[in-house]
Amino acid sequence: MALPLPPGLTQNEVAFLAEMEMVTVVPRQRLDTIDLLSGRTPQLRPPHRAQLPLWLALLLKKQRRANIVPPAWMHPASLAEIIHRETKEDPEAFSAPPPPPSRALYSQPGTARRLNHHASYLDDFSQTQDSQQQQQQQQDILSPPFLPSNVAESPAGYLPYHWLEVAEALLTHAGDDMPAPAGEVRSLLRDLVEVRAAKMRSSTSALEGFGDAWLTLRGVGAMELAENRAFLAGLVDGVRKIGASAEATRREEEEEARRGGEYGGDGDEDSDEDMGL
């Protein structure tokens, strides 16, 4: 008999899913393509960069066959900017998620289009008629957790959906590839985790109002949701029970007041009739 599992993803499951994030690597030796369930990996030709899933990049890093290029948001300057934004500029809201990637159109100067696939950073003028499969991939619309937010080309100053899991994996297995000493990056990440955890706890005060209370989770990462899901679910359930009890008490008081008014009205009519008015 299977044990009952809590609703939602556990922290280990979230960390496992984060290994599907695309990262940028610099290969040390040549490697042919590999057929994966998600598709073929690009050919690795030193010193050209390539994008691989995080789990494969970590495997090549352990085998000393590639180096991992950390994303721009893991630079100390970017982390310090995010901390300043969340503590000084907007202490109540979380940092906005990274915007979808875009690329300037060669055929239409001054305009740009959004690219929703990690393999679509090519110029539109370099596409040929026989590249129908690649064009079909460029038309795919993907949700934020599957956008290329951890590659070298990703913008700085934004935290991706799996930022905490990716940072922990890179610092653990590729600390020598960091743009700064691993201790400095860990210290900034620790400060950021504490700031966002305190913000998550304080934001629950918005649920004190019954009926129209709401809580925004825009910009919250996957691991943060997994860690606080039980707390938030219990809080919402407790507020719902308190609200239901208060509503039931209010209805009982209104019913008693209405009945008391009816009894009082009948007594007044009787007294008026007795007085002959």
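The values are calculated or read from the model by the stated rules, or taken from the named source; none is laboratory data. All figures in this text were calculated on a predicted structure; none of them were measured in a lab. Positions of Cβ are backbone-derived with ideal geometry, glycine not excepted, and every protein chain shown enters the neighbour counts. Heads up: the accessible areas ignore ligands, DNA and RNA and are worked out on the full protein's heavy atoms, side chains in. Shrake-Rupley method; radii C 1.70, N 1.55, O 1.52, S 1.80 Å.
A few points about this structure:
- The heavy atoms of Asp177 offer some 30 square angstrom of accessible surface to a 1.4 angstrom probe.
- In terms of the mean number of neighbouring beta-carbon atoms within 10 Å, the peptides 163-170, 10-17, 67-74, 152-159 order highest first as 163-170, 67-74, 152-159, 10-17.
- Under-5 Å amide H pairs with Ala50, H placed in peptide plane, nonlocal only: Val25
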